[in-house]
1. Output the number of residues of the range 23-71 satisfying the condition of being near ligand 2 (Cβ under 10 Å from one of its atoms) and at positive phi.
2. Would you say Arg56 is among the charged types (D, E, K, R), surrounded by 12 or more Cβ atoms within 10 Å (Cβ to Cβ) and at pLDDT 95 or above?
3. If you scan the range 37-53, which residues turn out to be out of contact with any Phe, Trp or Tyr (no Cβ under 9 Å at 6 or more places or on another chain), exposed (fewer than 14 other Cβ atoms within 10 Å of the Cβ) and assigned to a loop (DSSP other than H, G, I, E, B)?
4. For Pro71, indicate whether it is over 18 Å from Pro18 (Cβ atoms) and within 16 Å of ligand 1 (Cβ to nearest atom).
5. Among the residues of the range 51-64, write down those that are touching a strand residue (DSSP E or B) at 6+ places or on another chain (Cβ under 9 Å) and farther than 14 Å from Ala29 by Cα.
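The values are calculated or read from the model by the stated rules, or taken from the named source; none is laboratory data. Predicted, not measured: the structure shown is a model, and the values here were computed from it. Here Cβ is always computed from backbone atoms with ideal geometry, including for glycine, and neighbour counts include all displayed protein chains.
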Amino acid sequence: MPRLIRRVSPPEDSGRGPYYRLCPRCFRAVPGSTAERYCINDGTRLLDRCPCCGTRITSPYSRYCSGCGHPYAQA
Ligand SMILES: [Zn+2]
Ligand SMILES: [Zn+2]
């Protein structure tokens, strides 16, 4: 029976401090530890990282990605 190899998450995903999910429409932020996936105000899917470079959202007040400057606002 083949052994299952567990995939280890990349370092940036494992406990490097808190991160947030952010609504790209109304900028409501929720802690990444919650189970919320969609904004309760407008039903928009929350961003948990930059769609451009994958950097985690580490501030609930972010409007732009700290890694690449990509705006989180939905076009
Ligand atoms: Zn929203
Ligand atoms: Zn980015």
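1. Here the count works out to 2.
2. Against the criterion (among the charged types (D, E, K, R), surrounded by 12 or more Cβ atoms within 10 Å (Cβ to Cβ) and at pLDDT 95 or above), Arg56 qualifies.
3. Passing the criteria: Arg37, Ile40, Asn41, Asp42, Gly43, Cys52, Cys53.
4. Yes: the conditions hold for Pro71.
5. Passing the criteria: only Thr55.
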